[in-house]
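Below: the structure, in structure tokens.
The values are calculated or read from the model by the stated rules, or taken from the named source; none is laboratory data. Source: prediction; values computed, not measured. Here the Cβ positions follow ideal geometry from the backbone for every residue, glycine too, while neighbour counts run over all protein chains shown.
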Amino acid sequence: MSEPVITARGLTKRYGDVAAVDKIDFGVAKGEIFGLLGPNGAGKTTTILMMLGLTEVSDGEVRVLGNDPMRNPLAVKRRVGYMPDSVGFYDNLTATENLIYTARLIGIPAAEREQRIKAGLARVRLLDVADRRVGKFSHGMKRRLGLAEIVMKRAEIAILDEPTSGLDPQSTAEFLDMIEELKREGVTVLLSSHLLDQVQRVCDRVALFQAGRIVLMGSVSELARQVIGGGFVVEVEAKAAAGTELDARFGAIPGVLSVARVSEDRYRLTADRDVRAEAARAVVAANGSLYHLQVEEPSLDVIYRRFFENQAAARQGVRDAA
Amino acid sequence: MRREGSPWQGLGPVMLKELADHFSSARMRVLELLIVLTAGVAVFIAIGRVRELVAEDPFVLLKLFTVDRAPLPSFFVILGFLIPLMAIGLGFDAINSEHNRRTMSRILAQPIYRDALLAGKFLAALSTIGVSLLCMWLLIVGLGIYLLGVPPSGEEIARSLIFLVITLFYAGVWLALSMLLSIVFRSAATAALVALGLWLFLTLLWPMLAGAIAEVIAPQDPRYQMLGLQTPATYEWTTALLRLSPGQLFTEAVVALLNPQTRAVGPIYLEQLQGAVVGALPLRESLMVAWPQAVGLIAGTIVLFVAGYIVFQRQEVRA
């Protein structure tokens, strides 16, 4: 991991006696897409607000780009772009006017303003509606305008709260592409979502929240290994040459944990990584004919659900033992 | 823990945007129309009355602001009614509308402190009222010169301009109050209703209640009553209680300023008048008479603004 741009140590937020965020630790490296995932009310938004200095930290500390957001919020907010959950704009102003207002607040010099606003709107494909009032915009367009604001700001870190909730599948895909584009430009992205499967495609690493705590953290495949003990399922359809058995050859591939024969010519390999290439080689080496090869990546939903099943089972076990 | 960076960062942009919003809003149109129409009618009638009343008064222009003809009240009384309405109209949704449009967290995620947002909105609304007042003042002075044919003296201009400043702070009290309510209540309608309720209470009910409460604190003395006089203690309590209402402070300060004959506001004893020379006070002395009331209005503005500031700073950004 390269230098961390965001670090949290023992970060806690209490509302009265209730801890909304309970002693969480995490670090986000420069240039990665980090996902804060979990159900609504698990403490994701509160964590984000603490990183921006918009809500007070009860305990522990957080550093963003080396600054303490409580002490020096302006330095943090100058370099971090934030798109809140259900982002709103001034309906009576046009898209450009809305961005001009933000640009003024950021302190972008007047000479650069127009060009940077245009660039931002172009990036999210809103240039043709730049002079239309935001009141007429759809939900997805407002989200994109929120992203344009971050592009215009030239933020080093983009914090996106629930960027895809309420969007139709096509808009979601488009939006995720735009997020990946940001990453290619070197922007560190931190996003929160309760739609685990939707965002797992773009996240380099994720932290899974549950009731104010981070219960799992790492890349999706790491988590899959940790929780399901495998995670990658490779389906192979191949006809073996007479006299050879493919089962044993598949089993010998490093990383394969188990081989199941689903039907006459179908095999299902469970592995801790993507073993398609090795499986293909094994079939060819055995003079077999390969018809179909497919990998199912582990889904975060499954990991999340399995994690809690395991936990419940462990508790049950403890109770039985006692 | 001290925060770093200037609290004024972003004040200018916020203020300019709010000013633009105010000047283009339909709400402002209606309020301006209301004020200009009522003021216009009042002045027009006052001019007729000034013509028949005073030929030799050195402060003819000031009479335009203070003279009434039943059933119409004088201009400054109308202003005392309408200024709170205008201030409430500009302030009741200042903060809660940002929450309701879901722009609050996006704006506060820009490199500004909340101070700038609150102060910018306050100053923008106050400037809006200031500009309207100045227009009204020019209109009245212009009409006065045109219809009466008497050029105003320097002192008259000074007195009426100080009157404008006091009116501005009177507006400031109501503006700060309505902005405080817009911070406390998430619904703009609730904030508006509470602000209007307070306004009605202070202008209509409080004058009646103040007398009743004063009689409870300091009961009427039957000896004075037999003579048909006010008991001094009761009267003093009544005035003190009345002065809790910004409208009362405004009226007293304005009367002292616009009517140079005014020597005191509130109770005055007969022996204090003995040996007094009848005539107009110089501007400096009139200012001294109006000063406590003016300070009351300025302090009220500051206290209410600070109360709003504290509540706003402690408020959670999330809806």
Within the stretch A:54-66, of all residues that are within 21 Å of A:G212 (Cα to Cα) and of a type in the set (G, A, S), the one farthest from the other protein chains (Cβ to nearest Cβ) is A:G60
For the stretch A:97-135, the count of residues that are assigned to a loop (DSSP other than H, G, I, E, B), of a type in the set (A, V, I, L, M) and more than 14 Å from chain B (Cβ to nearest Cβ) equals 3
Over the stretch B:1-15, the set of residues more than 8 Å from chain A (Cβ to nearest Cβ) and aliphatic (A, V, I, L, M) is B:L11, B:M15
Exactly one of B:G144, B:G120 is modelled with pLDDT under 90, buried (at least 18 other Cβ atoms within 10 Å of the Cβ) and under 24 Å from the mean Cα position of the chain (by Cα), and that residue is B:G144
Among B:S105, B:S127, B:S132, the single one that is polar (S, T, N, Q) and within 30 Å of A:G146 (Cα to Cα) is B:S105
Next on the checklist: Just checking, does the stretch B:306-319 include any residue being surrounded by 13 or more Cβ atoms within 10 Å (Cβ to Cβ), within 14 Å of chain A (Cβ to nearest Cβ) and either under 27 Å from the mean Cα position of the chain (by Cα) or not in a loop (DSSP other than H, G, I, E, B) (or both)?
Outcome noted: yes
Quiz item: Is there a residue in the stretch B:24-44 that is buried (at least 16 other Cβ atoms within 10 Å of the Cβ) and within 14 Å of another protein chain (Cβ to nearest Cβ)?
Solution: yes
When you check A:D85 against the structure, is it part of a loop (DSSP other than H, G, I, E, B) and within 14 Å of another protein chain (Cβ to nearest Cβ), yes or no? yes
When A:G41 is run through (1) over 22 Å from B:G5 (Cβ atoms); (2) in contact with a strand residue (DSSP E or B) (Cβ under 7 Å, 6 or more places away or on another chain); (3) not in a helix (DSSP H, G or I), the failure sits at (2)
The condition from (1) of a type outside the set (K, R); (2) more than 7 Å from chain B (Cβ to nearest Cβ); (3) under 30 Å from A:K23 (Cβ atoms); (4) touching a residue at least 40 places away in the same chain (Cβ under 8 Å) that A:P69 misses is numbered (4)
Checked against (1) under 26 Å from A:L208 (Cβ atoms); (2) of a type outside the set (D, E, K, R); (3) not in a helix (DSSP H, G or I), A:A238 satisfies every condition except (1)
When the stretch B:261-301 is checked residue by residue, the ones that are aliphatic (A, V, I, L, M), part of a helix (DSSP H, G or I) and in contact (Cβ under 8 Å) with a residue 12 or more places away in the chain are B:L283, B:L287, B:V289, B:A290, B:A294, B:L297, B:I298
Inside the stretch A:96-140, the number of residues satisfying the requirement of being within 16 Å of B:I107 (Cβ to Cβ) and small (G, A, S) is 2
In the set A:V206, A:V202, the lone residue that is farther than 17 Å from A:G140 by Cα and not in a strand (DSSP E or B) is A:V202
The condition of being among the basic types (K, R) and within 14 Å of chain A (Cβ to nearest Cβ) holds, among B:R101, B:R51, only for B:R101
